[in-house]
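The values are calculated or read from the model by the stated rules, or taken from the named source; none is laboratory data. Predicted model only: the values in this text are computed from it and were never measured. Using ideal geometry, Cβ is built from the backbone for each residue, glycine included, and neighbour counts are taken over all protein chains shown.
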Amino acid sequence: MASLGHDVVGVDVDDARAAALARGVVPFHEPGLPELLQAGIAHGNLRFTNDIGEARGATVHFLAIGTPQGETGAADLSFLFTAVAELMPQVRPGDLVVGKSTVPVGVAARIAEVVESVGAQLVWNPEFLREGLAIRDTLAPDRLVYGVREGDLHSVAVLDELYAPILTAGMPRMVTDFATAELVKVAANAFLATKISFINAMAEIAEVTGANIGQLADALGQDPRIGRRFLNAGLGFGGGCLPKDIRGLVARAEELGVGESVAFLREVEAVNVRRRDRVVQLVTDELGGDVAGSHIAILGLSFKPDSDDVRDSPALDVARRLVSLGAKVSATDPHAIAPARVIAPALDFFVDVNETVSGADAVLVLTEWPEYSALDPAALATLVRVRTVIDARNCLDVSAWGAAGWRVISLGRRVPADRPVAASV
């Protein structure tokens, strides 16, 4: 918003985080964000504080509050409602409150009543950003959605002015009711999760039939009704959105008495979890039925590349399972070592890939960082004890690794029959 020319104040209850942001320090990895943050601070139209009173005087108030998964699978809305209650004394008649949080259907209407009680208006304006591409998805989104009260032309006009540089670039803009705006975000994530699990279900069949899952995905992707994106078979999805949103959608549908309408999402999640089971089983089979005492090297800990997010990370889950089975696990990641260390202190962490794989009985590529696709398999072959690599993201050049003497096992491909001989290190 500051980069679009607006005067912005960010408020956070975490004193340390607000202070770090005020110094231009981003508390997580997101490409391009430190530069954008520092530019706004230097320009003088972006500042941060822990004082909610600083919100008074603003005309538009964004609610960007986390709604984490609760014990039942439903979203925990306590942080959001607390923020709304604390914000209301600062909101003046005529102001606009804009909800960005992912919430179950029906929450916006409840918040609107609170906002309208002080003479302001609510718009529900879901975000569709992807970690690693957050700046692009914010400044050049695929679409803008405004959920408003019927006939609320004033709020639409205010948001149009706010987003003018984006709208003039031709971005589609849709005006809906609250329920549609709430549902569109979780529905989009549920659809993407379903697409990922579908190709992974096909991968399960491909592994036992010898079909080429990559060619299958390419052929499916040529169909314009399907498209190629999100059809990469592998370890499955994770992070703070897709798993949480499909569970939240199921929980809300059940509360509304229409749980059967999204019952299939339980199988979508089951397929996703089976991919993690499959990797653990592959490692176990390769090591003679028992991983205890073996050295396993993990390349990648974040749930996706260009992120340090390890929330519900399939990679970190596999690593922790192997440790629980008695394996010695060494792990590395370009950006996620620090957050992974908090969750999985039993892993041995290394910044350098060579140190990570040294003496390993198996190497697992669990996050498709470009750094790992570009590794020299011949050089790595001299460091490991056994030249076995499990490519759980189908991101390696199988021919090049095979030529360097590696036994390459990829999810969605039949496991090769030949086994490498242990090498001296």
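Residues 283, 291: which one is under 21 Å from residue 372 (Cα atoms), at pLDDT 95 or above and of a type in the set (A, V, I, L, M)? After applying the criteria, what remains is 283. All but one of (1) free of Cβ contacts under 8 Å to residues at least 12 places away in the same chain; (2) in a loop (DSSP other than H, G, I, E, B); (3) surrounded by 15 or more Cβ atoms within 10 Å (Cβ to Cβ); (4) among the small types (Gly, Ala, Ser) hold for residue 238; state the number of the condition that does not hold. Result: residue 238 fails condition (1) only.
Taking the criterion of being surrounded by fewer than 24 Cβ atoms within 10 Å (Cβ to Cβ) and in contact with a Gly (Cβ under 6 Å, 6 or more places away or on another chain), the residues of the range 308-342 that qualify are 309, 311, 312. Scanning the range 331-380 for residues being in contact with a Cys (Cβ under 6 Å, 6 or more places away or on another chain) and of a type in the set (Asp, Glu) gives a total of 1.
Each row is one residue, and each column tells you yes or no for (1) among the β-branched types (Val, Ile, Thr); (2) at pLDDT 95 or above; (3) not in a loop (DSSP other than H, G, I, E, B).
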{"site": "354", "(1), (2), (3)": "no, yes, yes"}
{"site": "368", "(1), (2), (3)": "no, yes, no"}
{"site": "375", "(1), (2), (3)": "no, yes, no"}
{"site": "384", "(1), (2), (3)": "yes, yes, no"}
{"site": "389", "(1), (2), (3)": "yes, yes, yes"}
{"site": "401", "(1), (2), (3)": "no, yes, yes"}
{"site": "409", "(1), (2), (3)": "yes, yes, yes"}
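If you take just the strands (runs of 3 or more DSSP E) that sit entirely in the range 1-81, which of them hold at least 2 residues that are in contact (Cβ under 8 Å) with a residue 60 or more places away in the chain, in contact with a strand residue (DSSP E or B) (Cβ under 9 Å, 6 or more places away or on another chain) and exposed (fewer than 14 other Cβ atoms within 10 Å of the Cβ)? Please lay out each step first, then the result.
Working: elements: 8-11, 46-49, 60-63.
Qualifying strands (runs of 3 or more DSSP E): none found.
Taking the listed residues 203, 211, the one that is free of Cβ contacts under 8 Å to residues at least 60 places away in the same chain, surrounded by 15 or more Cβ atoms within 10 Å (Cβ to Cβ) and over 18 Å from residue 126 (Cα atoms) is 211, with no other qualifying. Within the set 126, 165, the sole residue that is exposed (fewer than 15 other Cβ atoms within 10 Å of the Cβ) and either of a type outside the set (Lys, Arg) or more than 19 Å from residue 183 (Cβ to Cβ) (or both) turns out to be 165.
Selection of the range 351-375 for residues being within 23 Å of residue 238 (Cα to Cα) and buried (at least 18 other Cβ atoms within 10 Å of the Cβ) yields 363, 364, 365, 366, 367, 368, 369, 372.
Just to check your reading of the model, which residue among 345, 339 is within 25 Å of the chain's Cα centre (by Cα), within 25 Å of residue 277 (Cβ to Cβ) and without any contact (Cβ under 8 Å) to a residue 12 or more places away in the chain?
On the way: 339 fails: without any contact (Cβ under 8 Å) to a residue 12 or more places away in the chain.
Exactly one of 345, 339 is within 25 Å of the chain's Cα centre (by Cα), within 25 Å of residue 277 (Cβ to Cβ) and without any contact (Cβ under 8 Å) to a residue 12 or more places away in the chain, namely 345.
Would the range 289-306 turn up any residue that is assigned to a helix (DSSP H, G or I), buried (at least 18 other Cβ atoms within 10 Å of the Cβ) and in contact (Cβ under 8 Å) with a residue 24 or more places away in the chain? No, there is no match, as no residue in the range 289-306 is assigned to a helix (DSSP H, G or I), buried (at least 18 other Cβ atoms within 10 Å of the Cβ) and in contact (Cβ under 8 Å) with a residue 24 or more places away in the chain. Of the set (1) crowded, with 17+ Cβ neighbours inside 10 Å; (2) at positive phi; (3) not aromatic (Phe, Trp, Tyr), all apply to residue 257 but (1).
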